[in-house]
Amino acid sequence: MSTHTSLDSPCLGFCTTALGDDICKSCGRTFEEVTRWIVMSPEEKADVWARLNRDGWWDAQRRKMQRQT
């Protein structure tokens, strides 16, 4: 499992929370995490990254996107 905490955001550019999803089908963040990301503390962001990495969400979505290109 890789970690991606060096990136500014887990956003992959296809946000589904704007379409009404509670959890973005692209990056795996909740609506609240997406909307608060720019004001979250480094610790809060690290907690989100840890969950996304632990769950493998971000890597799975990235692989899916790479297959589509």
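The values are calculated or read from the model by the stated rules, or taken from the named source; none is laboratory data. Model, not experiment: these values are computed from the prediction. Cβ placement follows ideal geometry from the backbone for every residue including glycine, while neighbour counts extend to all protein chains displayed. The area values use the complete protein model at the heavy-atom level, side chains included, leaving out ligands, DNA and RNA. Shrake-Rupley method; radii C 1.70, N 1.55, O 1.52, S 1.80 Å.
The figures follow:
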quantity	calculated
Arg29 long-range amide H proximity, modeled H, under 5 Å	Cys24
Global geometry of the range 8-69, whether rounded, prolate or oblate, following the gyration tensor of its Cα atoms and the 1.5 cut on a/c	oblate
Estimated distance in nm for a label pair at Asp22 and Thr35, the labels positioned 7 Å out from Cα along Cα-to-Cβ	1.5 nm
Residues of the range 8-56: accessible area per residue with a 1.4 Å probe, Å²	60 Å²
Label point distance in nm, Leu7-Arg54, each placed 7 Å from Cα along Cα→Cβ	2.0 nm
